[in-house]
Structure formats: structure tokens, C-alpha cells
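Just so you know, all these numbers are worked out from the coordinates, no wet-lab data involved. Predicted, not measured: the structure shown is a model, and the values here were computed from it. Positions of Cβ are backbone-derived with ideal geometry, glycine not excepted, and every protein chain shown enters the neighbour counts.
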Amino acid sequence: MTPEFRRLAADDLTLLHDWLQREHVKRWWRDCESLDDVVTHYLPAIEGREPADLYAIVVDGRPVGMVETYLVADYPEYDELVRVGPGVAGVDLLVGEEELTGHGLGPEVLRRFVDGVVFARSATTACIAGVEIGNERSLRAFEKAGFVAVRDYEEEGRPHRLVRRDRPG
């Protein structure tokens, strides 16, 4: 199972909405209840009006999830919260197809995406993620992908663990 990535398109928002309503995703991604919420939240980045890059995770020709990256400095409130310095990108992912969870897809997506997309920007020195502490599967996926725990913090009233992977070399 080798994941590939393609830019998320406006036509993908209905599928993204479907994934966000699935119990294994909804538990951790809480901000988009309706399709209108999804469009309002994600369409600006798809159209280049927000500084985040959104990708569909594609396995065997089928979209199965989403992964996004952004420069932490482009989001001042988050930057102030995590205090990681310049040149650091953030990454978030969701595997929408539950039958593909628990089989190593998450770590493989993270490894390939960070190496091939995030670190393709030469100015990016590290990649971070803030993972809710209760999300053990996600924390293990990041660990298997070479991320290390930096510290714990609170975001939106929930405990999170900041994980980081520095650019090799």
C-alpha cells in the first residue's frame, strides 16, 4: 500500500465532509459539521486564499484521506502557542477509510509526505504536529514516522502533545 498525493480540489469537499462525519475521524476533527462548514473552512486554501496546502491521500487510485501542511509562522496564534521558531511547517492528516487504519498507512503517509512535500521547501527546517494526547493511534503513527515528543500543551481546552521531526542532515 503505497500512498500518493494530489492537490485537494473543490470537487473533493463532499468526500472530505463524508470522512469528517465518520466516528473514527469526528472524534478528533470537530470543527466541520455541515458541508457548508467544510467548504467555508477548506475552500480558501484550495483556491490559494489561505496559506495551507491540502492534499488527497491516494491509494491504488482511490482517495482515502487528507493531509495538509502550512508554515506555522503563517498562523500567529498557533505560532505563539507552540513557539517553534522560523522555518517550521505543521502537518495534519486524517485517514477517512476506517478499514485502512491500523495497518501502517498513517506512518507511511507521514514519512513520504514530509520527505517529498514538506521538506521540498528548502527553507523548512522542521515539521511539527499537535496531537491530542488521547489519540494514541495518531501519536504512534507520528512516532513511527520519526517524530519525537517535544512537550505537552493545551489547545482549545484539550491536552495535546507537540511532536517534531527535524530535516535530516
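Annotation: the residues Thr69, Thr124, Thr2, sorted from fewest to most other C-beta atoms within 10 Å of their own C-beta, follow the order Thr2, Thr124, Thr69. When the square roots of the Cα gyration tensor eigenvalues are ordered a ≥ b ≥ c, the ratio a/c for the range 17-60 is 1.5 or more and a/b does not exceed b/c, which makes its shape oblate. Using C-alpha pairs under 8 Å with a sequence gap of at least 6, the mean separation divided by the residue count of the chain gives a relative contact order of 18 percent. Let me know the shape class of the range 37-132, please: from the alpha-carbon gyration tensor, a ≥ b ≥ c as square roots of the eigenvalues, rounded when a/c is under 1.5, otherwise prolate if a/b is greater than b/c, or oblate. Prolate shape, in that a/c is at least 1.5 and a/b is the bigger ratio. Sparse packing (at most 14 other Cβ atoms within 10 Å of the Cβ) combined with a DSSP loop state is found for the following trypsin sites (Lys or Arg not before Pro) in the range 62-113: Arg83.
By how many nm would the segment from Met1 to Val150 grow when fully extended, if each residue of separation counts as 0.36 nm and the alpha-carbon distance is taken off?
Separation in residues times 0.36 nm, less the Cα-Cα distance, equals 50.6 nm.
For the range 1-90, dividing the convex hull volume of the Cα atoms by the residue count gives 121 Å³ per residue.
Once you have a ≥ b ≥ c as the square roots of the Cα gyration tensor eigenvalues for the range 95-163, tell me rounded if a/c is under 1.5, and otherwise prolate or oblate according to whether a/b is larger than b/c. Cα axes put the range 95-163 in the oblate bin. Helical content alone sets the calculated 222 nm signal of the chain at -9000 deg cm²/dmol, taking -39,500 (n - 2.57) per DSSP H segment of four or more residues and averaging over every residue.
Fewest neighbouring Cβ atoms within 10 Å first, the residues Ser34, Ser122 line up as Ser122, Ser34. In the range 126-166, Rg over Rh equals 0.95, where Rg is the alpha-carbon radius of gyration and Rh the Kirkwood radius from pairwise Cα distances.
The value of relative contact order for the range 4-45, using C-alpha pairs under 8 Å at least six residues apart, is 38 percent.
Along its principal axes, the chain has C-alpha extents of 36, 32, 32 angstrom, given from the largest down.
Between the range 78-137 and the range 14-31, the alpha-carbon centres lie 18 Å apart. Residues Val163, Val84, arranged from fewest to most other Cβ atoms within 10 angstrom of their Cβ, appear as Val84, Val163.
Given their separation in residues at 0.36 nm each and the Cα-Cα distance between them, Glu99 and Ser122 gain 4.7 nm when the chain is fully extended. Distance between the modelled labels on Leu43 and Asn135, one decimal in nanometres: 2.5 nm (7 Å Cα→Cβ projection).
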